[in-house]
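A.B. asks: Sharing a structure here in structure tokens format.
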Amino acid sequence: MTNGGRRKAIKAIAGMTALGAVPPLSAAPPEASAPYRDKSLPVEARVKDLLGRMTLEEKVAQLIALWSTKHDILADGSNEFDFQKAIKAYPDGVGQVTRPSDIKGGLQEPGRRWRTQEETVRFINATQSWAVNRTRLGIPVLFHEECLHGYMAAGTTMFPMAIGMSGSFDPDLVRDVNAIIGREVRVHGSHLVLSPVVDIARDPRWGRIEETFGEDPYLCGEMGVASVLGLQGEGRALAEGKVFATLKHMTGHGQPQSGENVAPAPISARELRENFFPPFREVVARTGITSVMPSYNEIDGVPSHVNKWLIGTVLRGEWGYDGVIVSDYFAVEELVKLHHVAADHAEAAIRALQAGVDCELPDGATYRGLPALVRDGRLPESAIDAACARVLSLKFRAGLFEMPYASIDEARRITDNNEARALALRAARRSLCLLANDGTLPIAPGAYKRIAVVGPNAAVARLGGYSGKPKHTVSLLDGVKAKLAGKAEVVFAQGVFITQSEAREADDVKLGDPEKNRKLIEEATALAKDCDLILLAIGDTEQTSREAYATNHLGDRTSLDLVGDQNALFDAMRGLGKPLVVLAINGRPPSYVNVAAKANALLECWYPGQEGGTAMADALFGDVNPGAKLPVTVARDVSQLPVYYNARPEPRLSAGNIPVTPLFPFGFGLSYTTFELGAPRLSASRIKAGEGVTVEVDVRNTGKREGDEVVQVYVHDPLATVVRPVKQLRGFARVTLKPGEQRTVKIALHPKSFALWNAAMKEVIEPGLFDILVGPNSRDLQRAPLEII
Amino acid sequence: MAEGQLRSLERSGFPEPLALACSWDPALVRETYSEIAAIARAQGAKMVLGPSLAIERDPRRGRIDQSFGEDPYLVGELAVAAIEGLQGAGKPHELAAGKVFAAVTGFAGPGLPAEGVGPAPVAERELREVYFPPFEAAIRRTAVAAIVPSRNEIDGIPSHANPWLLKDVLRGEFKFGGMVIATREGIADLHTVYRVSSDEVAALALARASGADAGPMDVEPFAASHTAHSNAVAVNAARRSIVLLANNDILPLSLPTAGRTPLKLALVEVGSMTSMLEEFRARMRDRGAVVTPGQADAVVLAIGEADVAAQRDAMAALAALGKPVIAVLVSASPSIDPEVARSSRAVVAAWGLGDGGPKAIVAVLFGDANPGGKLPATLAQNAGQLPLFYDEKPTAHRGYLFGTTEPLYPFGWGLSYSSFELGTPTLSSTSVGADGSIQVSVEVRNNSKVAGDETIQLYVHGKVSSTTRPVKELKGFQRVTLKPGEKRTVRFTLEAASLAIRDMDMHRAVEPGEYEVMTGSSSVALKTATLTVRKGAGK
């Protein structure tokens, strides 16, 4: 332990007021002189030494975690760690504790879900003190947390939802945001997080679409790499302020049959390799990623948690991944309960472990039985050793043996500080996507004297799923009022309630009472008719589109249009004949055909994070020029699904009433200024297979405002041995240009940009002519030919 | 046969395949296709294009009206019957008089999408468990002359250019000895759509190299021409293909009796109609006074190719009059808005019935014929539920917010003017070896005062398996006609081999363990017995 680290630890322990006897910080930890304690030795040597000292039970203990079972280590009727209970319940130690910031397993109080910052740090430090000092080998506990778009805990900073972050087309921003998120997690004492999600999302009925970076494998890969580098930094060891990321969910989760969460993914091998694997593969290749989570779903009859081919052959074999595989929550139990591919917990544990799942989250319900299975000869101990070695390796690389404790002072100082808030604001500004505008936006300050802010999403800062409870949020109404203070009158009307409750955790979702909503619409109409501008905030809520984690907690939908009475509210506002600007606040793509056709302007804000209201007001009044693009194709109607831009061509049966084009194409987004993109130029018109090429495009801001354009490069192979997608995104760059400014954007295409998986399922580059397509979205493209010889 | 010529099977005047599949009656299918063969042969054709052996599980894909439905077993049984009807039973070396060769289509995978809908994913195990079985059954049990590759692509490989599909699977595994015939469209797709060939010459060469050994051939339309006999066959086939989906004490319509005022009926149409509606109207007129809706005792609403809005508008207009509505679905493929269905006193599925349709529909409405058809495909409530099929995996369709996973009408569903009571299945043995078989018996009784048909359906479900398996799978069915009060024991032979799945290594495996054996009148009205499959072989 470094002196600094030791000082922090002493300070941390001294700050504990946990129930039960707090043992004094012993002079020396258990096995103080063993090689595994020597941080100068390579991790492999430390793992080998430690593993050699462990009993079967101690090894298995490293593969489990405590969530509901936190109960076993908490004082009765309390959320505080209890040494005596822990010593008794887990004499062999424990590998992980699941989500230390929540009170699962502890004292349940109505309306309470989180520990305070102080309580979390105290719980973690006390648990570590037990593990380090009072278990035989002193192996520290690994705490893991959720942090999709912010540390999912109390008092932390909440950033825009993942789908919005992806729409920024700004990997540097994603990296910066994740660095802050990781820092806030780490400072509380956790070293592993279950983020990012790199599923490609191909079904907007699916309530988890908001958690993804969208539909494109390349974009998801770039954002995944940026997220992981932000969270854990470069390399394979954790620096201070960093946490190990978990790549999830491998795979197929994002194209569930009929749009329902956890439903089968009927995805074939080439489709997996070409579209679903690349984000995972990129992250494995370009980062020190050391944790991967398989998906809940089955792929072609094989649940991912028993998929040896997926985990063993592809991930560990072909890609050379050597980190841990952590199960998704309850997924091993679900092999019995949902998939019916195991008769009981024992069979499920054997199948999952043998497929390569090292840790069972959140409680290790089936893995707790592994010692008996080894003793009964149903499983070789070598399988346990392999899994345990990976967990230990992660713990060594996390530096947990040197410094397992957190400091409450540091946690207070760092969490949600000014730097974090400023970045949350910047991230929100850069994820706003302008979908329609007849010139109503931006609003000139002073142009309107009385402004109605209306709608169910106007006065509440919607954060989306996987959110914590930030100290501070800014709603649209807050943001507009602050912006216009003293300049115009701002009035508010609810318009409708989307749902009857705002409780995010509620299982049952009831749409707002139509009768009450009718009255609210009347009130809003009466209020707005005396205004000269209407800002209407509509969309979804954390209830109306969410992770359907149980049959009594649903989140997927059969219709993509606005739910409840929101279209009626929109029509009532439209009927007033006033300028009407719609702010879509949601995590699901806005298939709002009625709104898109009739609003004067439509700004897709996604769930913009805790500072979202300020960012939205900035954009409305022209202090920020929206520059994000859609990371998903937006369907007009559910009957079009699946609809994604990089589909392979097929002959079509002409039929009936299904519209052909999407409402908005992938990569689409407007600006308050205009850009002219020149024809693409290539650094070479002919290259050899295995060489790259640089695409140059002249971009000019032809308008009167500074603004951002995202230059997008797509590749199409017009003749190949297997059917190729109509186009595939292979590069992009977001640039900011002053009025009149012209710049040449250079985007490098790597050899793999031209690769395909041939009939023999080998990744090859087939010589021939390629189309290089460049433009401001996936629809409006200019072409340059490239020959590969 | 004129060299290089195929005769289309579409618009033959007989019920289209999806309609015929509603009969769940292989003998009827055999008879119908035998009649079709005779007509085609008389016109000089020696080979016909079809029927399709495709499984259609999404009405936005494929030509659902040209398919026998969503279930691998049902499609396989009806395909075998159809091929036997066309070519003659068994494996004759030469074509008998009045027979034609069948060039069956749809090999393999999901059908083409409608304009505006994206591609349907499918992977190898699903291909093998869902899409291949009808072809395997046809090759094993008939002398099917030719197979036509589908126009779709599977995982980036168009079926017309898929040597794994056309050689390894079809020739190697299935031992198919007939012709593989490429279609003109299938060849053209290779260079114009899929872009795996530079031009037509290269496309043809690619198809040939991939296993197509004939074609492309021209397809001539079927020239429907009926004899008195074929007319009778067509009407009988149509009658047996009608499905009574809902009936709230209104059907059959009571006939006018002496001394009483005849029933006054109105006929309202929505959606584009075929000429058969004129005949339908004439036949209705024969049976009672045809009046305007305002004057009618009941309204027959014939729903053709009509979108939801048109259907609802029509229903709203009738609802305003307060008249009971009998909805008759006469579109080419299933289409009814759930609201319209719920507002109707009765719903009759009568799609694609062909020339015998009007006569058959009127006979059913007035009770001269007792409907006995069952749905060969799930009818969804809306596009948001798609795909929706009964033999789904246990993780599918766990629920929607503000929506339902329930279909409008489930697979195997169909009512009758009779009422039947079905017993619990009894097994000849509660355990079986992996290569054995058992008898499944179920008692069925007609509890009503009218003779009628019931189709007893047998489903199985393996409780635990190495790879996931559907929640239920059809493995047998029998349509029986029972007199009032009649009781009969229906017997099925269930081969343990039919319980096989494709295991982790893609091998066919009958896995030991417990299986539910379910019988009933539809996929949602089932009674269960438990069967144990023992390890290893033996009875």
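Readers should treat all values here as calculations from the given coordinates under stated rules, not as data from a laboratory. In this text the structure is predicted, and so the values were computed from the model without any measurement. As a convention, Cβ positions derive from the backbone with ideal geometry for all residues, glycine included, and neighbour counts pool all protein chains shown.
A.B. asks: Can you tell me the orientation of helix B:228-241 relative to chain B, as the angle in degrees between its alpha-carbon axis and the longest Cα principal axis, to the nearest 10?
C.D. replies: Taking Cα atoms only, the helix is inclined about 90 degrees.
A.B. asks: Going toward the positive end of the dipole of the protein assembly as shown, with +1 on Lys and Arg Cβ and -1 on Asp and Glu Cβ, which of B:Asn447, A:Gly93, A:Pro196 do you reach last?
C.D. replies: Checking the options against the dipole of the protein assembly as shown, the answer is A:Gly93.
A.B. asks: At R0 = 60 Å, how high is the FRET efficiency between A:Lys308 and B:Ile250 if r is their beta carbon distance? Nearest 0.05 is fine. Show your work: numbers first, answer last.
C.D. replies: Values: r = 58 Å, r/R0 = 0.97.
After rounding, the FRET efficiency stands at 0.55.
A.B. asks: Normalised by the number of residues in chain A, what is the relative contact order in percent for Cα pairs under 8 Å and 6+ residues apart?
C.D. replies: Numbers: 1936 pairs, mean separation 99.6, N = 789.
Normalised by residue count, the contact order of chain A is 13 percent.
A.B. asks: With the cut-off at 31 Å, tell me which of the pairs A:Lys395/A:Lys469; A:Lys59/A:Lys762; A:Lys481/A:Lys529; A:Lys471/A:Lys510; A:Lys481/A:Lys738 have Cα atoms farther apart than that. Numbers along the way, then the final one.
C.D. replies: Details: A:Lys395/A:Lys469 29 Å; A:Lys59/A:Lys762 39 Å; A:Lys481/A:Lys529 19 Å; A:Lys471/A:Lys510 28 Å; A:Lys481/A:Lys738 29 Å.
Pairs exceeding the cut-off: A:Lys59/A:Lys762.
A.B. asks: Right, next: What is the ratio of the Cα radius of gyration of region B:130-225 to 2.2 N^0.38 Å, where N is its residue count, to two decimals?
C.D. replies: Normalised by 2.2 N^0.38 Å, the Cα Rg of region B:130-225 equals 1.10.
A.B. asks: Please give the helix B:72-87 orientation as an angle from the longest Cα principal axis of chain B, in degrees from 0 to 90, rounded to the nearest 10.
C.D. replies: Approximately 90 degrees, to the nearest 10.
A.B. asks: Which part of region B:19-41 falls in the paramagnetic zone of B:Gln5, meaning amide N under 20 Å from the point 7 Å along Cα-to-beta-carbon?
C.D. replies: B:36-41
A.B. asks: Under 4 °C and 1.567 mPa s, how fast does region A:148-300 diffuse according to Stokes-Einstein, given a Kirkwood radius computed over C-alpha pairs? Answer in µm²/s, whole number.
C.D. replies: On the way: Rh = 15.2 Å.
This corresponds to a translational diffusion coefficient of 85 µm²/s.
A.B. asks: Tell me which trypsin sites (Lys or Arg not before Pro) from region B:368-463 have a DSSP coil assignment and no more than 16 other beta carbons within 10 Å of their own.
C.D. replies: Working: sites: B:Lys374, B:Arg398, B:Arg445, B:Lys449, B:Lys463; in loops: B:Lys374, B:Arg398, B:Lys449, B:Lys463.
Sparse-neighbourhood loop trypsin sites (Lys or Arg not before Pro): B:Lys449, B:Lys463.
A.B. asks: Right, next: Just how large is the dipole of region A:659-714 about the Cα centre, in debye to the nearest 20, putting +1 at every Lys and Arg Cβ and -1 at every Asp and Glu Cβ? The partial results should precede the final answer.
C.D. replies: Values: 6 positive and 7 negative charges, 30 e Å.
Roughly 140 debye for region A:659-714.
A.B. asks: Could you pull the Cα extents of region B:47-200 along its three principal axes, largest to smallest, in whole Å?
C.D. replies: 43, 32, 27
A.B. asks: Taking region A:263-347, how much of its Cα-Cα pair set, in percent, is spaced more than 18 angstrom apart? Working shown, then result.
C.D. replies: Values: 1551 of 3570 pairs.
It works out to 43 percent of all Cα pairs.
A.B. asks: How do B:104-116, B:497-509, A:709-721 rank on mean C-beta neighbours within 10 Å, highest first?
C.D. replies: Ranked by mean Cβ neighbours within 10 Å, highest first: B:104-116, A:709-721, B:497-509.
A.B. asks: Here's something else I'd like to know. From the mean inverse distance of alpha carbon pairs (Kirkwood) and the Cα radius of gyration, derive Rg over Rh for region A:91-188. Present the calculation step by step, with values, prior to reporting the outcome.
C.D. replies: Working: Rg = 16.0 Å, Rh = 15.1 Å.
We get a ratio of 1.06 for region A:91-188.
A.B. asks: Let me ask something additional. Given Cα pairs under 8 Å that are at least 6 residues apart, what percent is the relative contact order of region A:338-408?
C.D. replies: Working: 34 pairs, mean separation 20.7, N = 71.
Over region A:338-408, the number comes to 29 percent.
A.B. asks: P(r) for region B:258-385: what percent of alpha-carbon pairs falls in each 5 Å bin, starting at zero?
C.D. replies: 2, 10, 21, 24, 22, 13, 5, 2, 1, 0, 0
A.B. asks: For A:Ala285 and A:Arg652, FRET efficiency with R0 = 51 Å and r from the beta-carbon atoms, rounded to 0.05?
C.D. replies: Working: r = 37 Å, r/R0 = 0.73.
The computed FRET efficiency comes out at 0.85.
A.B. asks: Something else about it: Among bridges DSSP assigns within chain B, what percent are antiparallel (round to 5)? List each step's numbers first, then the result.
C.D. replies: Details: 51 of 87 bridges.
Around 60 percent of the beta bridges assigned by DSSP in chain B are antiparallel ones.
A.B. asks: Which is farthest toward the positive dipole end of region A:268-347 among A:Val306, A:Met293, A:Trp319, measuring Cα position about the Cα centre, with Cβ charges +1 (Lys, Arg) and -1 (Asp, Glu)?
C.D. replies: A:Trp319
A.B. asks: Among A:Ile585, B:Gln295, A:Ala331, whose Cα sits farthest toward the positive end of the charge dipole of the protein assembly as shown (+1 at Cβ of Lys/Arg, -1 at Cβ of Asp/Glu, about the Cα centre)?
C.D. replies: A:Ala331
A.B. asks: What distance in nm separates the two pseudo spin-label positions at A:Thr116 and A:Asn417, each 7 Å out from Cα along the beta-carbon direction?
C.D. replies: About 2.1 nm, to one decimal.
A.B. asks: Quick check for you: which residues of region A:187-224 have the amide N under 20 Å from the point 7 Å beyond the Cα of B:Phe402 toward its beta carbon?
C.D. replies: A:203-211
A.B. asks: Compute the distance in nm between two label points, each set 7 Å from the Cα along the Cα-to-Cβ direction, one at A:Trp319 and one at B:Ser498.
C.D. replies: 4.3
A.B. asks: Ok, one more. Where the only charges are on Cβ atoms (+1 Lys, Arg; -1 Asp, Glu), what is the dipole of the protein assembly as shown about its Cα centre, to the nearest 20 debye?
C.D. replies: Values: 146 positive and 153 negative charges, 177 e Å.
About 840 debye.
A.B. asks: Can I get the semi-axes of region A:256-414's equivalent ellipsoid? Compute them from the C-alpha gyration tensor as square roots of 5 times the eigenvalues, in angstrom, largest first.
C.D. replies: On the way: eigenvalues 142, 100, 55 Å².
Semi-axes from the Cα gyration tensor: 27, 22, 17 Å.
A.B. asks: Using only the C-alpha atoms of region B:316-365, find the volume of their convex hull and express it per residue in Å³. Please list the in-between numbers first.
C.D. replies: Numbers: hull volume 3.9 nm³, N = 50.
Hull volume over Cα atoms, normalised by residue count, gives 79 Å³.
A.B. asks: Follow-up. Can you list the residues of region A:459-496 with backbone N under 16 Å from a point 7 Å past the Cα of A:Glu522, pointing along Cα to Cβ?
C.D. replies: Only A:494-496 pass the distance filter.
A.B. asks: I need the trypsin sites (Lys or Arg not before Pro) found in region A:397-458, filtered to DSSP loop residues with at most 16 other beta carbons within 10 Å of theirs.
C.D. replies: Of the trypsin sites (Lys or Arg not before Pro), the ones in loops of region A:397-458 whose Cβ has at most 16 other Cβ atoms within 10 Å are A:Lys449.
A.B. asks: A further question follows. Over the Cα atoms of chain B, each weighted equally, I'd like the Debye log10 I(q)/I(0) at q = 0.09, 0.10, 0.11 Å⁻¹, rounded to two decimals.
C.D. replies: -0.68, -0.84, -1.02
A.B. asks: Could you check the spin-label model distance between A:Ala679 and B:Thr424? Points 7 Å from the Cα along Cα→Cβ, value in nm.
C.D. replies: 7.9
A.B. asks: Where the eigenvalues come from the Cα gyration tensor of region A:586-676, what are the semi-axes √(5λ) of the equivalent ellipsoid, largest first, in whole Å? Display every interim value, and only then the final one.
C.D. replies: Numbers: eigenvalues 174, 39, 33 Å².
Ellipsoid half-lengths, sorted descending, are 29, 14, 13 Å.
A.B. asks: Over chain A, what per residue volume does the convex hull of the Cα atoms give, in whole Å³?
C.D. replies: Numbers: hull volume 129.4 nm³, N = 789.
Cα convex hull per residue, to the nearest whole number: 164 Å³.
A.B. asks: Let me ask you something else. Could you pull the Rg and Dmax for the protein assembly as shown, using just the Cα atoms, both in Å?
C.D. replies: In order Rg, Dmax, the Cα atoms of the protein assembly as shown give 33.3, 111 Å.
A.B. asks: Using C-alpha positions alone, give me the convex hull volume of region B:112-158 per residue in cubic angstrom. Please list the in-between numbers first.
C.D. replies: On the way: hull volume 4.4 nm³, N = 47.
About 93 Å³ per residue, rounded to a whole number.
A.B. asks: Under the Kirkwood approximation applied to all pairs of distinct alpha-carbon atoms, what is the hydrodynamic radius of region A:456-508 in Å? All intermediate terms of the calculation are to be shown ahead of the outcome.
C.D. replies: Details: mean 1/r = 0.0766 Å⁻¹.
Kirkwood radius, region A:456-508: 13.1 Å.
A.B. asks: In debye, nearest 20: dipole of chain A around its Cα centre with unit charges on the Cβ of K, R (+) and D, E (-)?
C.D. replies: Numbers: 91 positive and 94 negative charges, 285 e Å.
For this selection, approximately 1360 debye.
A.B. asks: Please state the relative contact order of region A:489-575 as a whole percent: Cα pairs under 8 Å, 6+ residues apart?
C.D. replies: Working: 99 pairs, mean separation 30.7, N = 87.
Once divided by the residue count of region A:489-575, the mean separation gives 35 percent.
A.B. asks: Rule-of-thumb check for region A:642-789: C-alpha Rg over 2.2 N^0.38 Å? Write down the numbers at each step before the final one.
C.D. replies: Values: Rg = 17.0 Å, N = 148, 2.2 N^0.38 = 14.7 Å.
Here the Cα radius of gyration is 1.16 times the empirical estimate.
A.B. asks: Hey, got a sec? Which trypsin sites (Lys or Arg not before Pro) in region B:157-189 land in a DSSP loop and have at most 10 other Cβ atoms within 10 Å? Walk me through the numbers before you get to the answer.
C.D. replies: On the way: sites: B:Lys167, B:Arg171, B:Lys175, B:Arg184; in loops: B:Lys175.
Those satisfying the criteria are B:Lys175.
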